[in-house]
1. May I ask you to derive the relative contact order of the chain, considering only C-alpha pairs under 8 Å and at least 6 residues apart, and to give it as an integer percent?
2. Could you pull out every residue, at least 5 positions away or on a different chain, whose amide H is within less than 5 Å of the one on Lys325? Hs are placed 1.01 Å off N in the peptide plane, and Pro or chain starts have none.
3. Given Cβ point charges of +1 (Lys, Arg) and -1 (Asp, Glu) and nothing else, what value in debye, to the nearest 20, does the dipole of the chain about its Cα centre take?
4. I'd like the FRET efficiency for Val374 and Phe430, computed as 1/(1 + (r/R0)^6) with the beta carbon distance as r and R0 of 41 Å, rounded to 0.05.
5. Once both labels are modelled 7 Å past Cα along the beta-carbon direction, what's the Asp188-Phe264 spacing in nm?
6. May I ask for the net charge around Ser352, where only other residues with Cβ less than 15 Å from the Cβ of Ser352 are counted and Lys, Arg are +1 while Asp, Glu are -1?
7. Using a Förster distance of 35 angstrom, determine the FRET efficiency expected from the C-beta separation of Ser221 and Arg60, and round it to 0.05.
8. Which pairs break 22 Å Cα to Cα here: Lys306/Lys416; Lys38/Lys74; Lys326/Lys378; Lys312/Lys335; Lys5/Lys192; Lys38/Lys278?
Amino acid sequence: MQKPKISIVGVGYVGLVAAACFADGGFEVIASTNDSEKVRLINLGKSPFFEPGLDDLISRSINSGKLKAVNSRKEAILNTDITFVSVGTPSRGDGSIDLQFIEQSSKEIGESLKLKENYHLVVVRSTVTPGTTQNLVKSTLERYSNKKAGVDFGLCMSPEFLRQGAAVYDTLYPDRLVIGELDAKSGDILEKFYRAYYKQNPALPILRMNLSSAEMVKDVSNAFLATKISFINEIANICEKVPGIDVSQVAKGVGLDKRIGPMFLDAGVGFGGSCFPKDVKALIAFSKSNGYTPNILETIMNVNLKQAEHVKDLLKQNLTNISGKKIAILGLSFKPNTDDMRESPAIKIINSIAPEGAIINAIDPVATENAKKVINHKVNYCVSINECLKDADAAVLVTDWDQFKRLKPKDFAIMKNRLILDGRRVYDSFEFKEAGYKYVGIGLGEEK
Ligand code: UGA
């Protein structure tokens, strides 16, 4: 195989970013999705969702002819050598993982493999619970292709660790790559492709292991990061009880210990997104289905749920009563640089204060339209920060977008009541206090 041709099944964050990056790196890539509107947009050089840097990468790859999007799985599989499967794996009502898209795409890939003479490598990149590739994917591919995995075609599982909002950067500069392999030949082909794509970084660690261990690496990485966040949020709640203690200083002091590390120790209103909540719940369900109750994982989720509701408690402590009070919410997306509202703490905060009669103004640089679809309460969606803050009784910083982080005390002067609730600890508390504001920060013990 000279330069392998790549197909990507599923064009969400993981699939489309990989497709655009691999194409921009000189590989021929076919991205396949059942959604005709997404096919149309991608072939016009546009991303169907907001992700910094992705539009440029797609338009460059479409113009160079290295990337194309298609509706047909068959066209994608028959014309390429390696297929990455990046379809969604949502949560079911009970928290367990819904594998219907994995099963459906495995069936379609199997049907195409049946028509193919050359050896083909299938790589699962979606986040799936351990055992999925070995059991569901392998057996579905074999059944519909009438071929044998490890003999007629190869099979790997290679988890993806990119963050939304930094997806392009994370794909270009990963900390490590993990290859779960059914057999050595499958792993060799994938490692060769990765080494060629990441040739500028020959020292990049590539770990090889079996399929289920690779699946577990992904779940455990997300669960551990979520643990760090819930842990520091719990510490923040303790800090709030002690006058003058500041969780940001504590996290800095703790994080410089190399054994702990400084990242993912930012206390705040809790974690959201399509990954941490879903993956921790999936690991809990998986663990229970195997006869073990994972106490730490369950606590991570409980602490996270309470953390968003804690905003309501802090507002009540400082406003006595929130009924009829105008609350300005700065930020709706689950984190900056994305329009994604999935599991956003903003939803939980609004859901907890709206029923108590708060009048809600909200602003977000890009997520407003998505927010309207998932927030059922009455919210005045503002187009300027001034409109959002005007006559407010309290301002709550929920998402640490740069344009909100840059705000100074004078920018809040049009509020009726000078209460700032910093849900991400981005403001200088002294600066705000000196300017006559009541500054309440997550994890900051109030000086008596
Ligand atoms: C996360 C992981 O970081 C990625 O490695 C992984 O590939 C991805 O899930 C996935 O499984 O696809 P993502 O959800 O995009 O990425 O975003 P993060 O930057 O991890 O943030 C998640 C949530 O945690 C956000 O709501 C963020 O505000 C919150 N967070 C993060 C904190 O509250 N404190 C922190 O210190 C860090």
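1. After rounding, I find 12 percent.
2. Ile359
3. Working: 58 positive and 53 negative charges, 46 e Å.
About 220 debye.
4. 0.65
5. Between Asp188 and Phe264, the label points sit 3.5 nm apart.
6. In short, +2.
7. Values: r = 30 Å, r/R0 = 0.87.
The pair Ser221/Arg60 has a calculated efficiency of 0.70.
8. Exceeds cut-off: Lys306/Lys416; Lys38/Lys278.
Computed from the coordinates by the stated procedures, all read-outs in this text should not be read as laboratory data. Keep in mind it's a predicted model, so treat the numbers as computed, not measured. Cβ coordinates were reconstructed from backbone atoms using ideal geometry, including for glycine residues, and neighbour counts include every protein chain displayed.
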